[in-house]
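The values are calculated or read from the model by the stated rules, or taken from the named source; none is laboratory data. Quick caveat: nothing in here was measured; it's all calculated off a predicted structure. Don't worry about glycine lacking a Cβ; one is built from the backbone with ideal geometry, like all the others, and counts go over all protein chains shown.
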């Protein structure tokens, strides 16, 4: 059986760990991003998810997925910026929404023709999909919207045999998180202190969770909290 993973943002962090997990399980893996994945064997399709013209990428995907018996689509790419309503920029807000919400909806729609029963659509959300923190206005908003998009996906695909879930990682030790806190060891330690397991999540742990969700349609429409246990203040 031809099994294909299509993933966005597999150039680093959770994305590259997920690509490796599926490669190890015998999947053909295709990454959509501006930067290639470091994982050996991944098929790279260069794409800016915020761009208007996807025609070349869509043509390559159509050829790649021809005859696939199972397609796993993982919406992993995300844009995280520091912003708030106090210093609001409509342009920056739109770009975050384009990458985090519009692109996943657009890509799912584009690939539905190739997705047979047993396929899945997995969203990589965030613990901020159901809560908020200061100075992350656009990201928090987009991640709330992503959960709504996943639930709509579940309802709109009733009867197709395609299932969906949203994996919401907690604080994961990725380049994106480290850049967001200015690579401050003190801030990272403080973040870890707010987690029941007293550590950051490894990207491979989220990859394992995504792989599990893709294989288990019983989780259809589910929000999976993968956060090592948040401590309630």
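Tabulated results
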{"item": "Considering residues of the stretch 34-59 that are over 14 Å from residue 73 (Cβ atoms) and in contact (Cβ under 8 Å) with a residue 40 or more places away in the chain only, the residue surrounded by the most Cβ atoms within 10 Å (Cβ to Cβ)", "result": "54"}
{"item": "Candidate set: the stretch 8-22, residues that are in contact with a strand residue (DSSP E or B) (Cβ under 8 Å, 6 or more places away or on another chain) and not in a helix (DSSP H, G or I); chosen: the one surrounded by the fewest Cβ atoms within 10 Å (Cβ to Cβ)", "result": "11"}
{"item": "Which listed residue is outside any strand (DSSP E or B), in contact with a helix residue (DSSP H, G or I) (Cβ under 8 Å, 6 or more places away or on another chain), touching a residue at least 40 places away in the same chain (Cβ under 8 Å) and more than 26 Å from residue 25 (Cβ to Cβ), from 210, 147", "result": "147"}
{"item": "Candidates 196, 185, 202 - the one that is surrounded by fewer than 18 Cβ atoms within 10 Å (Cβ to Cβ), modelled with pLDDT under 95 and closer than 19 Å to residue 22 by Cα", "result": "202"}
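Rundown of residues vs (1) part of a strand (DSSP E or B); (2) buried (at least 17 other Cβ atoms within 10 Å of the Cβ); (3) at pLDDT 90 or above; (4) in contact with a strand residue (DSSP E or B) (Cβ under 7 Å, 6 or more places away or on another chain), yes/no style:
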residue: 121; (1), (2), (3), (4): yes, yes, yes, yes
residue: 128; (1), (2), (3), (4): no, yes, yes, yes
residue: 189; (1), (2), (3), (4): no, no, no, no
residue: 192; (1), (2), (3), (4): no, no, no, no
residue: 214; (1), (2), (3), (4): no, yes, yes, yes
residue: 228; (1), (2), (3), (4): no, yes, yes, yes
residue: 233; (1), (2), (3), (4): no, no, no, no
